[in-house]
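The values are calculated or read from the model by the stated rules, or taken from the named source; none is laboratory data. Keep in mind that what you see is a predicted model, and the values were worked out from it rather than measured. Using ideal geometry, Cβ is built from the backbone for each residue, glycine included, and neighbour counts are taken over all protein chains shown. Heads up: the accessible areas ignore ligands, DNA and RNA and are worked out on the full protein's heavy atoms, side chains in. Shrake-Rupley method; radii C 1.70, N 1.55, O 1.52, S 1.80 Å.
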Amino acid sequence: MKKIAVFVHSMASEYATTVVSGIYDYFKDKKDVTLFIIQTRSPHYQYGISEYQYWAGAEYAVSDDIDGIIIVSNTYNFIMTIDEIRSVFKKYKNKKIVSIGLDLKIPGSYYTTANPDGVYDEIVDYLKNKKGRTNIGFMSGNPTGSLESLARYEAYKKALKKHGLEYKEENVFHAFFTMNSASEIFLDKCRTKKDVHFDSIICANDMMACGIMEALQSLGFRIPEDIMIVGFDNTSHSCLTSPTLSTVDQVIKKQGEIAAKMMNDVLRNKKVNQVVETPLKVIYRRSTDSEVNLTEQILDNRNLQPEYYNDLSRINTLQDLIRGNITTKEFIDSFIHLMDCSGYDSVYCSILDYPLPNLREDNFTIPDHAKLLFYVDPGNKISEYYENGLIIKPKKQLFPKNTIPAGIYMFQPLYLIDLQYGYLCCKVRTPNFAANSITLKLLDTTIIQNYEFTKTMKLQHFLEEANEKLLENNSSLDIQSKTDELTTLLNRRGFFENGQKLINFSLSVKNTGIVCFGDLDNLKIINDTYGHDFGDLALKTQAQVFKAAFRQSDIFGRLSGDEFAVIANGMTLDNLDLVRNKINSLNAQYSKENKLPFTISISLGFVPFTSENSDLTKLLKQADQKLYEEKRIKHAKNNPQV
C-alpha cells in the first residue's frame, strides 16, 4: 500500500479545487493507494485568528507512513516567495516529491510546468493579423512574486517582439491576482478615456481581466468594439462576464492528473521525466469579437446548481451536531446516522495525550505519541470508540496498522484557537473539496467540544465517586480524623489532603477552577448574644448552604472556628456574582428554616487555580486577602462615618 499526501495552500480558489479534482480522478479507482489531501496554509500564516494551525497538517506528513508528496506549489506563490517555498519544502527531501507549477530545486524531485510562450504567440498573432490590433497592453501579477506571472509577462514581451510590435511601458500594469486590485491599479493610472492608449489587453489571469473589463466599461469603452480583452485560466468567471471572456485554458484538471500519474510511476520505480509540460489552449469568446457556442458552458453552470444546494443542505444538517454538549460516544452514535449527508464514507480521529500549545510564532513538530479515539465506517458496519485510545506513534505511523484502507481522504489537524488536539481523517465520497473543507471544520469543532465535555463528565464522575466513598467510609477512624464533627465537612487536614488532589487531577485533564475562602460574619457576637448553641447552629447552617450552593463534586471544608473553604472545579471568575447571590439567598432561606433568631452572612474571597498557580496553601492565602478586601467594604458600608 502506497501512502501519498497532497499539499494545497487552501481550497478557497477554483484553481486549487480543480487541480485536486484531477488528482482525485486519477487515484479514485486505485486499490493500492491511500491519498491524504491536506490544506496547509503556510508556516506562521498571518491571516485569520487561528488558520496558521493548518500548517500542522503538513508537519504530520513528515511521518515515515507517507511515501510521497504532491505539492500544488503554485498555490503558495501568492503568499510566499519562491525561495521561501523551496526552503519550507526541503524538509521532505527524503520522500518522493512531485510539484505542480514550480521547480522546487529539491534533488530527486519532479515537477510540471505550463509554458505560456506558444499561446501568447498565438494570441498576439490573432489580435494583430485577424483583428488589426497593434497596440496591445498587459496586466501582470508580478507584485505577488509568482513565477507563473513573471513567465507570462516575459512571454507577452517575446510575442510582441516576434510580431514586430513595440513594447510600451504606458500600456503595462502590475497588480495582484484579484478583480479589485486590477481595477484600482488601472483606474489610478487611467482616469479618463484619453489616458488609455491600447486597443487590446492581455491579462495574467481571468480575475484581473474581469476587473479591467469593469474599469474600461466604467470609462465608457465598448468591449470588444473599442478594446479587446484576453484572460488566463478559463475559470467559471470567464463565461459569466458580459461580454464573455477570451482566455487561456490551462486544462487545470489535466495538470492534477499528470502530476498524479508522475507520482504513481515514481513510487513504482518507473522511468519519469523530471519535468513534464502540461498543455495550454486559447479559448476565443466575445471579448475578442469571436463567435462561440456557449450552450455547453451554460449547461455546465446550471449543472453546478443542484450540487451547490446539496452542499448547503449537508452543511446545515451537520450544524445540528454542534448544538449542545454531548459526550464523544453520544456524538459517534448520532453521527453514524448523519454520515450520508456529511459527504464522507468514513471518519477517523486521533487525539494527542494532551492538547499542545501552538502559537503563531511557534514551529509545530509531530508529537511522539497519539491515540486513535474513534473511527466510523457505516458501509462496513464499523463504529469503534476507544475510551482510553489505541496508542500510535505518529512519527512512524499516523494510524494503527490496517485501520485506514485504500481510498482518498481529507486530512486536517484538530485545533482550537492556540491548542493542537490531534488530527482528523475523512474518506471523501465526491470531489466537492470546497464544501468538504467546510464540513471538515465543522467536524473538527464538534469533536473537540465533545471531547472536552467528555473529560469534564469523567472528572465530575470521579469526584462524585470519591465523595460517595468518603460518605460510605465515614465511620472509619481515618475519615473521622479528617472530618469536622460539628458540620460533617472536611476538617483542615482532610481539606488540604483532598483539595490538593482535586486541583492536581483537574489540571492533569486541562481543567481549571476556583478556590473560595469564607469567614462567617459576627460569630463572636452571635455566641455572646444568643449563646454557643446558636453559634454552633449558625456554623452547621452555613455548611448546609455551601453544600446546596455548590456541586456534589466540589470539595468543602471547615478550616477553623468560623473559616470555611471550597474548591470548585471548572468554575471561573465570571460565575462569582451568581454564586454570591445564591449563597446570600440560601443563607436567608436556611436561617429561617432552622429557626435562627438572626440571618447568617459570610464574607468570601475567590481566586482561580491554574497550572501556574496550583499550591493550595498559597491559593488560600490569596483568597484570604480577597476576603479581607470584602470585609473592609462591608465595614465601610456599615460604618459610613469611617
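Observations
- Spin-label model, LYS168/LYS130: points 7 Å from Cα along the beta carbon direction are separated by 2.4 nm.
- Our Cα-only numbers for region 1-129 put the radius of gyration and Dmax at 16.4, 57 Å.
- A cut-off of 5 Å between modelled amide H atoms, ignoring neighbours fewer than 5 places along the same chain, links HIS163 with no other residue.
- P(r) weight above 17 Å for region 24-75, C-alpha pairs, percent: 47 percent
- 13 Å beta-carbon shell around LEU102, net charge (K/R +1, D/E -1): -2
- Rounded tilt (10° steps) of 295-319 against the dominant C-alpha axis of the chain: 10 degrees
- Our coupling estimate for region 342-352, obtained by passing each phi through the Karplus curve with A = 6.51, B = -1.76, C = 1.60 and θ = phi - 60°, is 7, x, 10, 8, 7, 9, 10, 10, 10, 10, 7 Hz, Gly and Pro reported as x.
- Calculated [222 nm] ellipticity per residue, helices only, for the chain: -13500 deg cm²/dmol; basis is -39500 (n - 2.57) per DSSP H run with n ≥ 4, divided by all residues, nearest 500.
- Between the beta carbons of HIS44 and ASP226, assuming R0 = 45 Å, the FRET efficiency works out to 0.45 to the nearest 0.05.
- Amide H within-cut-off set for ILE392, under 5 Å, with H built and near neighbours excluded: ALA370, LYS371, LEU372
- 5 angstrom amide H check on GLY570, placed H, neighbours 5+ away: THR512, GLY513, ILE514
- Those residues of region 499-526 whose amide nitrogen sits under 20 Å from the label point placed on ASN613, 7 Å along Cα→Cβ: 499-519
- On the beta carbon distance between GLU51 and HIS532, with R0 = 56 Å, the FRET formula returns roughly 0.30.
- Residue-wise HN-Hα coupling along region 98-103, computed from phi with Karplus coefficients 6.51, -1.76, 1.60 (Hz; x: Gly, Pro): 10, 9, 9, x, 10, 7
- Across region 262-276, the residues whose backbone nitrogen lies under 19 Å from the label position 7 Å along the beta-carbon direction of ALA406 are 262-270.
- FRET efficiency for LYS194 and SER87, using Cβ-Cβ distance with R0 set to 45 Å, rounded to 0.05: 0.45
- Near PHE598, once Lys and Arg are set to +1 and Asp and Glu to -1 for all other residues with Cβ below 12 Å from its Cβ, the sum equals +1.
- Placing +1 on the Cβ of every Lys and Arg and -1 on the Cβ of every Asp and Glu, with no other charges, gives the chain a dipole of roughly 980 debye about its Cα centre.
- For peptides 362-370, 553-561, sequence by mean Cβ density within 10 Å, most packed first: 553-561, 362-370
- Computed from point charges on the beta carbon alone (+1 for Lys and Arg, -1 for Asp and Glu), the dipole magnitude for region 123-203 about its Cα centre is near 380 Debye.
- Taking every protein chain into account, the accessible area of region 337-431 amounts to 45 square angstrom per residue (probe 1.4 Å).
- Protection proxy ranking, peptides 395-407, 489-501, average beta carbon neighbours within 10 Å, highest first: 489-501, 395-407
- Projecting label points 7 angstrom from Cα along Cα→Cβ for GLU330 and LEU150 puts them 5.7 nm apart.
- Spacing of the two label points (7 Å from each Cα toward its C-beta) at GLU464 and LYS510, in nm: 2.4 nm
- Think of a 1.4 Å ball rolled over the protein heavy atoms: region 3-70 then has 31 Å² of accessible area per residue.
- Spin-label zone in region 61-103 - amide nitrogen under 19 Å from a point set 7 Å from the Cα of LYS393 along the C-beta vector: 61-67
- Ligands, DNA and RNA left out, the accessible area of the chain computed with a 1.4 Å probe is 50% carbon and sulfur.
- Averaging 1/r across all pairs of distinct Cα atoms in the chain and inverting the result yields a Kirkwood radius of 29.6 Å.
- Helix 252-267 and the long axis of the chain differ in direction by around 70°, with both axes built from C-alpha atoms.
- Simple rule: put +1 on each Lys or Arg Cβ and -1 on each Asp or Glu Cβ in region 325-415, find the dipole, and look at TYR375, PRO394, PHE331; the Cα lying farthest toward the positive end is PRO394.
- In the chain, the longest principal axis of the Cα atoms and the axis of helix 532-549 are about 20 degrees apart.
- Whole-Hz Karplus values for region 447-460 come out as 5, 5, 4, 6, 5, 5, 5, 4, 4, 5, 5, 4, 5, 5 Hz, taken residue by residue from phi with 6.51 cos²θ - 1.76 cosθ + 1.60 and θ = phi - 60°; glycine and proline positions read x.
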